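Report on the structure given below.
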Amino acid sequence: MSTLNQTTGPEATAILGVGSFQPERVVTNDELSLHMDTNDQWIRDRVGIRERRFAGPDERLVDMAVTAGSKALADAGLAPSDVDTVILANCTMPHPIPNGAAQVADRIGLKAAGAFDLNAACAGFCYSLGTASDLVRAGSAKRVLVIGAEKLTDWVDPTDRANAIIFADGAGAAVVGPAERPGIGPVVWGSAGDLVDTIGMNPTGPTGNKVLYQEGQAVFRWATTQIAPIALRAVEAAGITPADLDVLIPHQANLRIVEAIAKKLRANGAREEMVVADDIVFSGNTSSASIPMAMDHLRGAGRIKPGDLALLVGFGAGLSYAGQVVVCP
């Protein structure tokens, strides 16, 4: 019997560049209070958000992804021809087909690129980053453009106080490619399918369209008890200790969840001076876009520097979760 060839790639991968995009429209808590029974203090106390960005009716998810992806390529010093695969993490495309990744690849100028969407909701970027790293190390891809992009406002009832105060729009991207030294640790991922009903889509909303729902208290309890152990597993898989971490970039679901995860990591040896991403305060919850967008914003603000060790951890509908340690580009 004939033996089939198999590909092999480089032993190590890294994030080569990052980029992000947010719509121009800033929506404050005071503006939301005009449409529902809420106020600025109530929102800050419960989720830590001061403002968020909403895309306009003519700004599509694919548009935001193209801008963020193009910025990541420029940051990596690469041309579109240097990348052969695109993964678009999202859960808010208006239709399941055609996929967004192929549209993004074409508009950026990646011709004949492998392209697929990945839906693990708010864990989508970490799932995609792990997949991209493995594709490169296996020799199935040369370099991969990983994008998390969401237009959540298309799927949220604007009068729903539980969800409309949280979700927002935006995109973040990273280029994954070969490296001399490991820059992306092993992905630790999994799911809790018994909690599938905690986040999803109602069959019909007030306008007859499907709208997002979330059992906030159930998700909060799960995230504040389960994510820290998962994060510690990712640290162990990377072969480091919590004390080695320079920055924590969890999914920006709720500032109280972010603070709870950081507190538990510090109780397990992480340093007090470890930088903790708090992008949710001014960006809201952007699902699969939140982690790469937060990384780009932290770097732009000078809060992290190249070579810093960052722990990424995402969690969302499914429930799905994933995390890995990376070297900041």
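When the test is whether a residue is over 28 Å from A228 (Cβ atoms) and touching a Leu at 6+ places or on another chain (Cβ under 8 Å), R161 does not pass it. The single condition among (1) open to solvent by less than 50 Å² (accessible area, probe 1.4 Å); (2) in a strand (DSSP E or B); (3) touching a Lys or Arg at 6+ places or on another chain (Cβ under 8 Å); (4) of a type in the set (A, V, I, L, M) that L78 does not meet is (2). Restricting attention to the stretch 288-329, the residues that are in contact with a Gly (Cβ under 8 Å, 6 or more places away or on another chain), among the small types (G, A, S) and either open to solvent by 10 Å² or more (accessible area, probe 1.4 Å) or more than 15 Å from Q252 (Cα to Cα) (or both) total 3. Going through (1) of a type in the set (S, T, Y); (2) at pLDDT below 95; (3) within 14 Å of the chain's Cα centre (by Cα) one by one, S288 falls short only on (2).
Going by what's in this entry, would D58 be described as under 19 Å from L129 (Cβ atoms) and over 17 Å from the mean Cα position of the chain (by Cα)? No. Out of R271, R266, R256, R233, one residue alone is of a type in the set (D, E, K, R), open to solvent by 30 Å² or more (accessible area, probe 1.4 Å) and in contact with a strand residue (DSSP E or B) (Cβ under 8 Å, 6 or more places away or on another chain). It is R233. Residues being polar (S, T, N, Q) and loosely packed, with under 15 Cβ neighbours inside 10 Å are entirely absent from the stretch 29-38. Within the span defined as the stretch 157-166, one or more residues are polar (S, T, N, Q), out of contact with any helix residue (DSSP H, G or I) (no Cβ under 7 Å at 6 or more places or on another chain) and open to solvent by less than 30 Å² (accessible area, probe 1.4 Å). Is one or more of the residues making up the stretch 45-62 under 13 Å from A149 (Cβ atoms), in a helix (DSSP H, G or I) and either polar (S, T, N, Q) or touching a Gly at 6+ places or on another chain (Cβ under 8 Å) (or both)? Within the stretch 45-62, one or more residues are under 13 Å from A149 (Cβ atoms), in a helix (DSSP H, G or I) and either polar (S, T, N, Q) or touching a Gly at 6+ places or on another chain (Cβ under 8 Å) (or both).
In the set (1) under 16 Å from the mean Cα position of the chain (by Cα); (2) more than 26 Å from G200 (Cβ to Cβ); (3) of a type in the set (S, T, N, Q), the condition left unmet by S70 is number (1). Could you run through the stretch 32-89 and say how many residues are in contact with a helix residue (DSSP H, G or I) (Cβ under 6 Å, 6 or more places away or on another chain), of a type outside the set (A, V, I, L, M) and farther than 30 Å from Q217 by Cα? Here the count works out to 3. Filtered by the rule that a residue be part of a loop (DSSP other than H, G, I, E, B) and either open to solvent by less than 30 Å² (accessible area, probe 1.4 Å) or touching a helix residue (DSSP H, G or I) at 6+ places or on another chain (Cβ under 7 Å) (or both), the stretch 180-202 gives G183, G185, P186, V187, A192. From the list L34, L88, the lone residue that is at pLDDT below 95 and either assigned to a helix (DSSP H, G or I) or on the phi < 0 side of the Ramachandran plot (or both) is L34. Within the stretch 203-220, the only residue that satisfies the criterion of being touching a Lys or Arg at 6+ places or on another chain (Cβ under 8 Å) and either at pLDDT 85 or above or assigned to a strand (DSSP E or B) (or both) is F220.
The values are calculated or read from the model by the stated rules, or taken from the named source; none is laboratory data. Since this is a predicted model, take the numbers as computed values, not measurements. Ideal geometry is used to build each Cβ from the backbone, glycine not excepted, and the neighbour counts take in all protein chains shown. Heavy atoms of the whole protein, side chains included, go into the accessibility calculation; ligands, DNA and RNA do not. Shrake-Rupley method; radii C 1.70, N 1.55, O 1.52, S 1.80 Å.
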